[in-house]
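Enquirer: A single structure is presented below for examination.
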Amino acid sequence: MNLGKLGQAFTAREIFDLIQDDLEQVEKKISAESVAGVDAVTAIGQYLQSAGGKRLRPSLLLLASKAVGNGGATAIHLGAVVEQIHAATLVHDDVIDAAETRRGRPSTNVKWGNHTCVLAGDWLYMQAFQIALRERNFQILDLLISLTQMMVEGELIQLAKIGRIDVTEEDALKLATYKTACLFSGCARLGAVLGGLEGEEEEALASYGRYAGLAFQMVDDLLDFTASAEQLGKPVLSDLKEGKVTLPLIYAMENGHRHARELVARVLEEKEFESVRPETIVMLVQESGALDRARNLAHDYARRAKACLNGRSDSEFGRALLTLPDFILEREN
């Protein structure tokens, strides 16, 4: 059990309460830095920020920086940076996926159109690097550039697999590493760097972030089959409709369900749930044991994340890091 200062388990709320003041400063920084010379870009930035979200990535950076150091203004600035990078990827993802909703609201591409959103996403990336550049720290810039390149490469890897049924477990895990886990890893590594860690200690925190990010993506894939549209803020099985074969589907087809491959192939071909109902796919995946297999993998990654802390949980912030993977496993959206 992960214990808080009074010997009780940390709740999700207690984790975020530890850094609430800093998160509020991150929000103010994002708001101040989202004003562009073009009204549409400013409006898109404000629209994204008003949608809320868990702010898990800046939270991870702040917790890591405070677990090994004292955080400070640079951690707040970089918290805004990683959230803006994340926002830019969401804008571009929705254009590529032709998404219609995001967090229960019309997606930015629906409201402003693809051309404007592509350029707005580019602006958000550049603005994030503008904030980071003010720190005058080449190590930080190098980390941010590397993780952003990796995320773009992940999007290209995913594009090459869209509509294909021959996606393997190895393919899915590589994609999860590039598109999701690398940013989590980067956030934890930035916190380590701000705290003065280097070498094996820095790598340990970066590995913590990577495994936490992989657990996050596994849960994300699971929720597409277990959560309601209201919880997800988008239609159920959106990934499959968009041509993405995720790990639960891969496992279901591997488990040799009689109709699995045929039904998935039909949805990929139609790019819609026409001759196959979403409920049929969900039931198929549930009966195959694929959800349990994917859930077990998520738990394994969470355990690996905790192991990377190497006993670095002697402070409230360290214990919060120890609890964070449990929050990731238990989330419902």
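Enquirer: For the range 25-39, take each phi angle, set θ = phi - 60°, evaluate the Karplus expression 6.51 cos²θ - 1.76 cosθ + 1.60, and give the result in whole Hz per residue in order, putting x for glycine and proline.
Expert: Computed from phi, the couplings for the range 25-39 are 5, 4, 4, 5, 5, 4, 4, 5, 8, 9, 8, 10, x, 10, 4 Hz.
Enquirer: Per q in 0.15, 0.16, 0.26 1/Å, what log10 I(q)/I(0) does a Debye calculation on the alpha-carbon atoms of the range 1-95 return?
Expert: Per q value, in the given order, log10 I(q)/I(0) is -0.64, -0.71, -1.37.
Enquirer: Give the long-range amide H neighbours of R102: residues separated by 5 or more places, or on another chain, with amide H under 5 Å away, using H modelled in the peptide plane at 1.01 Å from N.
Expert: The list, which skips near neighbours in sequence, is S107.
Enquirer: Quick one: grab Rg to one decimal and Dmax as a whole number for the range 43-146, Cα atoms only, in Å.
Expert: 14.7, 44
Enquirer: Further question: How much area per residue is accessible in the chain when the probe is 1.4 Å and only protein heavy atoms are counted (Å²)?
Expert: Values: 15150 Å² over 333 residues.
Per-residue accessible area for the chain comes out at 45 Å².
Enquirer: Further, regarding this structure: Which order do peptides 311-320, 214-223 fall in by mean Cβ count within 10 Å, highest first?
Expert: Details: 311-320: 17.7, 214-223: 23.4.
Descending packing order for the listed peptides: 214-223, 311-320.
Enquirer: Compute the relative contact order of the chain as a whole-number percentage, counting only Cα pairs closer than 8 Å that sit 6 or more residues apart in sequence.
Expert: Normalised by residue count, the contact order of the chain is 21 percent.
Enquirer: Enter the mean projected area of the convex hull around the alpha-carbon atoms of the range 152-194, in nm², rounded to one decimal. Walk me through the numbers on the way to the answer.
Expert: Numbers: hull surface 12.9 nm².
Orientation-averaged projected area of the Cα hull: 3.2 nm².
Enquirer: Relative to the compact-globule scaling 2.2 N^0.38 Å, provide the ratio for the alpha-carbon radius of gyration of the chain.
Expert: 0.99
Enquirer: Using per-residue counts of other Cβ atoms within 10 Å, averaged over each peptide, order 263-272, 61-70 from highest down.
Expert: Details: 263-272: 16.1, 61-70: 24.9.
Peptide ranking by packing, descending: 61-70, 263-272.
Enquirer: Still on this structure: Just in the range 142-190: which trypsin sites (Lys or Arg not before Pro) are loop by DSSP and have at most 15 other Cβ atoms within 10 Å?
Expert: R164
Enquirer: Using the Karplus equation 6.51 cos²θ - 1.76 cosθ + 1.60 (θ = phi - 60°), what ³J(HN,Hα) coupling, rounded to whole Hz, does each residue of the range 191-198 give in order, writing x for Gly and Pro?
Expert: Couplings: x, 5, 4, 5, x, x, 6, 8 Hz.
Enquirer: Output the relative contact order of the range 143-292, whole-number percent, from Cα pairs under 8 angstrom with separation of 6+ residues.
Expert: On the way: 171 pairs, mean separation 35.0, N = 150.
RCO, the range 143-292: 23 percent.
Enquirer: Now for a separate question. For the chain, what % of the accessible area comes from carbon and sulfur atoms, probe 1.4 Å?
Expert: On the way: 7520 of 15150 Å².
That share works out to 50 percent.
Enquirer: Compare the peptides 71-83, 191-203 by average per-residue count of other Cβ atoms within 10 angstrom and give them in order, highest first.
Expert: Values: 71-83: 22.8, 191-203: 17.6.
In descending order of packing, they fall as 71-83, 191-203.
Enquirer: Helix-only estimate, please: 222 nm mean residue ellipticity of the chain, summing -39500 (n - 2.57) across DSSP H runs of length 4 or more and dividing by its residues, to the nearest 500.
Expert: Numbers: 18 runs with 239 residues, N = 333.
For the chain, the value works out to -23000 deg cm²/dmol.
Enquirer: Find how many whole Å separate the alpha carbon centroid of the range 275-324 from the alpha carbon centroid of the range 63-99.
Expert: 22
The values are calculated or read from the model by the stated rules, or taken from the named source; none is laboratory data. Every value quoted in this text rests on a predicted model; they were computed, and no experiment measured them. No Cβ is skipped: glycine too gets one built from the backbone with ideal geometry, and neighbour counts run over all protein chains shown. Accessible surface areas use protein heavy atoms only, side chains included; no ligands, DNA or RNA. Shrake-Rupley method; radii C 1.70, N 1.55, O 1.52, S 1.80 Å.
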